[in-house]
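Novice: Questions regarding the structure given below will be posed in turn.
The values are calculated or read from the model by the stated rules, or taken from the named source; none is laboratory data. Every value quoted in this text rests on a predicted model; they were computed, and no experiment measured them. When we count neighbours, we look across all protein chains shown, and the Cβ atoms used for this are built from the backbone with ideal geometry, even at glycine. Ligands, DNA and RNA are stripped out before the accessible areas are found, and what is left, the full protein with its side chains, is counted by its heavy atoms. Shrake-Rupley method; radii C 1.70, N 1.55, O 1.52, S 1.80 Å.
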Amino acid sequence: PVDHANLLSSASSSSSLSQQEVATKIKQTHRLTVLLKHCSEQLLAEYVRHQGEPFSSPDFQPPAVAVPGLPSPSVPPEPWQALSDGKRLWHLVAAYTTLPGLLGSVLRQQAELNPLASELHRQLEAAARQCRGLAGNLEGIMGALGVPGPPPPSSSLGGPPPSAFLAKMSGYHVCRLHRDWAMRSHEALGLLRTKYPL
Amino acid sequence: CNYVDVAVSGFPEAPGNWKCITHDLNRMICSWDATSSANRGLTYKICQFRAAAIKTPVSAVAGNDFECMLFFLVSFQALIPLTPQILNLSADFSTYTLYLTWNDSGSVFQHELDASWQIQILYKETMETVTLINYDSKLTGKDSILFWNWTSDIPLECTSYYVKIRCYINELYFTGRKEWSEWSPVRTPNSVMVFPQDKVVLVGSNVTFCCLYNEGKSVKFMKYGSESYPLLRLSKWSSAIKVQNVSASVPSGTNVWCSLVPDDVEGTVLFVGYAPDTPQNLNCETRTFITITCSWNPGRPTALYSKRRTKYILFESPKYMELPLKTTPTSKHACDFPVHANQKIYNFTLSASNPLGQAESSLLIDVNQRVHLETPDKFTVSTNSSTHAHLSWYIPGNFIKIRLLCQIEISNSNSERQLNVSMAGAENSNYRAWVDALHPYGTYTFRVRCSASEYFWKWSKWSEGKKLTTLEA
């Protein structure tokens with residue numbers, strides 16, 4: 001594919017990593033997305049368990065809500081596949097540099113609403129750490145491929161939640177978006193791995 | 001040049017109301033009124049003659065197959081930012097505060113720019129202006145989410161509120177006119193609300209909840225936790241449910257939510273619990289004569305947490321000093337209070353309060369009669385004889401004013417005896433004693449504990465045990 005060739009040529013010019021090293025980095029990052037995918041599903045389940053009905057009921061699927069600062073992963077599959085590798089990586093880095101701040105806001109709210117839910121707090125902290133790790137890996141790959149990254153994010157949930165229910169709801173949307181982005185990053189890195197085999 | 005096909009009849013006249021605007025300093029959008037006689041096929045050719053700066057005359061050439069007329073129309077371009085969009089407007093009814101977030105669309109421009117925003121608050125059905133605020137920010141070449149909040153002096157529930165914003169870009173090098181953008185569409189706070197918001201009630205209460213929504217919307221159902229309740233229609237834009245005899249809620253509260261057509265969900269949370277119990281087994285004692293430690297049993301759990309938890313305040317009467325105390329659910333319930341020189345009698349009152357009520361316990365003590373020493377530390381035993389042993393230990397605290405009673409336990413494989421020794425108290429000091437009547441070449445285990453001598457209150461814990469073998473005879 002054209003963009004692969006261009007990326008490769010720009011990669012060799014702009015970074016010292018060999019293609020082998022780039023392929024290794026992509027493989028490691030893909031493995032990280034496997035972990036993130038599993039943990040994000042666990043986090044969402046743990047989160048809804050502590051918020052009470054309707055959050056904890058299986059058929060609770062409120063319409064997706066845009067979280068300020070966090071790009072939406074709901075770009076339909078076709079256009080997402082049509083994006084260049086660089087553009088996909090750009091979107092992933094934009095999301096994963098924003099998510100730690102949002103997960104931090106959710107942790108603060110849950111420390112207030114669910115002070116005894118230590119496992120939930122632990123998972124929120126771990127998720128923020130994993131997102132920072134994945135963002136770092138993705139930025140490394142973009143640098144190796146010579147693709148400019150997105151600007152640093154401004155990411156927080158804005159003013160204090162005006163009510164406990166809105167706090168629960170905004171936390172739910174962040175955890176769900178975290179799970180959706182984990183699935184999308186897992187797909188994207190899987191695709192990248194096929195293009196950069198070891 | 002760009003060609004624009006417009007039908008014009010008669011001898012072509014200069015196009016009227018000619019103006020060019022840019023939203024992003026990149027693309028220019030020009031518009032004009034075709035003259036009334038324009039019913040014969042005319043083609044307009046717009047050519048922009050680039051002078052040194054952005055400000056250039058723009059010509060429109062009107063012509064058809066056989067006539068061509070060149071009009072030089074000098075128009076001052078105008079920089080009018082795109083109409084901003086409010087992302088979210090929410091209301092905190094408890095603090096009368098509106099929270100506004102919007103996207104500054106900074107990515108429209110390739111470089112940093114100073115931007116000014118006007119935020120207009122209107123209220124009542126007549127949409128009267130409450131206030132107009134100017135807010136400056138810097139566009140950074142990427143989209144940023146901006147936040148702002150405003151506090152009303154009357155409750156937000158009293159009337160409808162509306163917010164709109166507009167933008168002005170102060171591009172110094174743009175010499176054309178700079179104008180405010182259009183106002184954003186008016187927004188009202190999330191107008192689907194469920195009341196009461198975050199209320200705290202006693203177990204067993206009956207509570208009515210109402211769900212307010214925009215006219216034209218409708219409620220599918222309203223639930224308290226997982227239970228659906230019959231809807232009571234209050235008006236075209238509100239419905240209610242009555243919940244009887246509510247039970248204690250989970251830490252994050254019981255959700256009350258209304259499901260709206262098509263699939264919107266709005267809700268509130270009810271925190272159901274108990275008023276604080278009277279603090280039980282209030283006990284105050286001193287371990288070191290430096291501080292008095294009061295501890296208690298909170299009694300029945302209140303099922304309320306965080307900012308709704310029970311807060312304890314220990315003060316000593318006559319209100320000598322109110323010592324605010326912050327306890328968290330997981331910690332033991334205790335609090336330290338300084339021992340005052342020359343004060344023997346302390347009249348403590350422990351107040352417990354939460355949003356549902358208040359309770360208190362009191363205790364009067366003579367500090368000399370409530371000495372509970374720390375465990376004896378650095379306990380050593382030694383001997384240089386076949387029948388005696390020397391013991392030494394350390395106890396933290398200032399006991400100069402009292403005498404101590406210490407009990408030494410001496411045990412070996414077939415016997416155990418206890419020896420009571422009275423000694424003067426000291427300050428952060430080592431204490432010594434010796435034991436006689438031991439058997440030569442006998443192996444013994446020693447340990448010690450102490451208490452106040454004159455007014456016995458409690459023994460300290462035993463020190464660690466120490467083994468010793470006396471010398472041969």
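Novice: Need pairs with beta-carbon distance below 8 Å; first residue more than 22 Å from B:Glu157 (Cβ to Cβ) and away from every other protein chain (no Cβ under 11 Å) and within segment B:223-239, second open to solvent by 100 Å² or more (accessible area, probe 1.4 Å) and modelled with pLDDT of 90 or more; sequence gap 6+ or separate chains.
Specialist: That search, which allows pairs on different chains as well, returns B:Tyr229/B:Lys242.
Novice: Now for a different question. Scan segment B:113-123 and tell me whether some residue there is of a type in the set (Gly, Ala, Ser) and open to solvent by 50 Å² or more (accessible area, probe 1.4 Å).
Specialist: Taking every residue of segment B:113-123 in turn, none turns out to be of a type in the set (Gly, Ala, Ser) and open to solvent by 50 Å² or more (accessible area, probe 1.4 Å).
Novice: Could you check how many residues of segment A:15-51 are open to solvent by 20 Å² or more (accessible area, probe 1.4 Å), outside any helix (DSSP H, G or I) and within 21 Å of B:Ser252 (Cα to Cα)?
Specialist: 1
Novice: Anything in segment B:269-291 that is over 30 Å from B:Ala341 (Cβ atoms) and open to solvent by less than 10 Å² (accessible area, probe 1.4 Å)? List them, or say none. Break it down stepwise before answering.
Specialist: The initial filter retains those residues of segment B:269-291 that are over 30 Å from B:Ala341 (Cβ atoms), namely B:269-278, B:280.
Passing the criteria: B:Val269, B:Leu270, B:Phe271, B:Val272, B:Gly273.
Novice: Which pairs do you get when a residue that is on the phi > 0 side of the Ramachandran plot, found in segment B:159-185, comes within reach of a residue that is part of a loop (DSSP other than H, G, I, E, B) and surrounded by 14 or more Cβ atoms within 10 Å (Cβ to Cβ), reach meaning Cβ atoms under 6 angstrom, with the pair 6+ apart or on two chains?
Specialist: As it stands, the answer is none, since no pair meets every condition given.
Novice: Just to be sure, is B:Ile119 of a type in the set (A, V, I, L, M), within 14 Å of chain A (Cβ to nearest Cβ) and within 18 Å of B:Pro185 (Cα to Cα)? Give the derivation first.
Specialist: Numbers: of a type in the set (A, V, I, L, M): yes; within 14 Å of chain A (Cβ to nearest Cβ): no; within 18 Å of B:Pro185 (Cα to Cα): yes.
When the stated conditions are applied, B:Ile119 does not pass them.
Novice: Give A:Ala111, A:Ala82 a once-over and let me know the one that is open to solvent by 20 Å² or more (accessible area, probe 1.4 Å), within 14 Å of chain B (Cβ to nearest Cβ) and either polar (S, T, N, Q) or over 11 Å from the mean Cα position of the chain (by Cα) (or both). Full working, then the answer.
Specialist: Values: A:Ala82 fails: within 14 Å of chain B (Cβ to nearest Cβ).
After ruling out the rest, the residue left standing is A:Ala111.
Novice: Sticking with this one: Does A:Gly136 fit the bill of being within 14 Å of chain B (Cβ to nearest Cβ), within 15 Å of the chain's Cα centre (by Cα) and assigned to a helix (DSSP H, G or I)? Walk me through how you get there before you give the answer.
Specialist: Values: within 14 Å of chain B (Cβ to nearest Cβ): no; within 15 Å of the chain's Cα centre (by Cα): yes; assigned to a helix (DSSP H, G or I): yes.
Taking the combined requirement at face value, the residue does not satisfy it.
Novice: On to the next question. Within segment B:386-401, count every residue that is open to solvent by 50 Å² or more (accessible area, probe 1.4 Å), outside any strand (DSSP E or B) and farther than 19 Å from B:Ala341 by Cβ.
Specialist: 1
Novice: Just one of A:Pro54, A:Pro62 is within 14 Å of another protein chain (Cβ to nearest Cβ) and at pLDDT below 85; which is it?
Specialist: Working: A:Pro54 fails: at pLDDT below 85.
A:Pro62 is the lone residue from the list that is within 14 Å of another protein chain (Cβ to nearest Cβ) and at pLDDT below 85.
Novice: Can you go through A:Leu113, A:Leu120 and tell me which one is at pLDDT 90 or above, more than 16 Å from A:Ser40 (Cβ to Cβ) and in contact with a His (Cβ under 9 Å, 6 or more places away or on another chain)? Talk me through it step by step, then tell me what you get.
Specialist: Numbers: A:Leu120 fails: more than 16 Å from A:Ser40 (Cβ to Cβ).
On inspection, the qualifying residue turns out to be A:Leu113.
Novice: Kindly provide the set of residues from segment B:128-185 that are among the acidic types (Asp, Glu), away from every other protein chain (no Cβ under 13 Å), outside any strand (DSSP E or B) and open to solvent by 30 Å² or more (accessible area, probe 1.4 Å), ordered by number.
Specialist: Taking segment B:128-185 and keeping what is among the acidic types (Asp, Glu), we get B:128, B:136, B:143, B:153, B:157, B:171, B:179, B:182.
Checking which are away from every other protein chain (no Cβ under 13 Å) leaves us with B:128, B:136, B:153, B:171, B:179, B:182.
Pick out the ones that are also outside any strand (DSSP E or B) and you get B:153, B:171, B:179, B:182.
Result: B:Asp153, B:Glu179, B:Glu182.
Novice: Within segment B:221-268, count every residue that is surrounded by 14 or more Cβ atoms within 10 Å (Cβ to Cβ) and of a type outside the set (A, V, I, L, M, F, W, C).
Specialist: Residues that pass the stated criteria total 17.
Yes/no matrix, rows are residues, columns are (1) touching a Phe, Trp or Tyr at 6+ places or on another chain (Cβ under 7 Å); (2) over 16 Å from B:Pro185 (Cα atoms); (3) β-branched (Val, Ile, Thr); (4) modelled with pLDDT of 90 or more:
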position	(1), (2), (3), (4)
B:Phe66	no, yes, no, no
B:Gln77	no, yes, no, no
B:Ala91	no, yes, no, no
B:Thr95	no, yes, yes, no
B:Leu98	yes, yes, no, yes
B:Asn103	no, no, no, no
B:Glu112	no, yes, no, no
B:Ser144	no, yes, no, no
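Novice: In segment B:425-457, how many are closer than 15 Å to B:Cys406 by Cα and surrounded by fewer than 14 Cβ atoms within 10 Å (Cβ to Cβ)?
Specialist: 5
Novice: Now, a different point. Within 14 Å of chain B (Cβ to nearest Cβ) and out of contact with any strand residue (DSSP E or B) (no Cβ under 6 Å at 6 or more places or on another chain): which single residue out of A:Pro197, A:Pro148 fits that description?
Specialist: A:Pro148
Novice: Looking only at segment B:83-109, which residues are of a type outside the set (Gly, Ala, Ser), in a loop (DSSP other than H, G, I, E, B), open to solvent by 50 Å² or more (accessible area, probe 1.4 Å) and within 13 Å of another protein chain (Cβ to nearest Cβ)?
Specialist: So in segment B:83-109, the residues of a type outside the set (Gly, Ala, Ser) come out as B:83-89, B:92-93, B:95-104, B:108-109.
Filter once more, so that each one left must be in a loop (DSSP other than H, G, I, E, B): B:83-84, B:93, B:95-96, B:104, B:109.
Those still in the list that are open to solvent by 50 Å² or more (accessible area, probe 1.4 Å) too: B:83, B:95-96.
Those that are of a type outside the set (Gly, Ala, Ser), in a loop (DSSP other than H, G, I, E, B), open to solvent by 50 Å² or more (accessible area, probe 1.4 Å) and within 13 Å of another protein chain (Cβ to nearest Cβ): B:Thr95, B:Tyr96.
Novice: Here are some residues: A:Leu103, A:Leu116. Which one is in a loop (DSSP other than H, G, I, E, B) and either away from chain B (no Cβ under 14 Å) or open to solvent by 40 Å² or more (accessible area, probe 1.4 Å) (or both)? If you could, list the steps in order and put the result at the bottom.
Specialist: Working: A:Leu103 fails: in a loop (DSSP other than H, G, I, E, B).
Of A:Leu103, A:Leu116, the one residue that is in a loop (DSSP other than H, G, I, E, B) and either away from chain B (no Cβ under 14 Å) or open to solvent by 40 Å² or more (accessible area, probe 1.4 Å) (or both) is A:Leu116.
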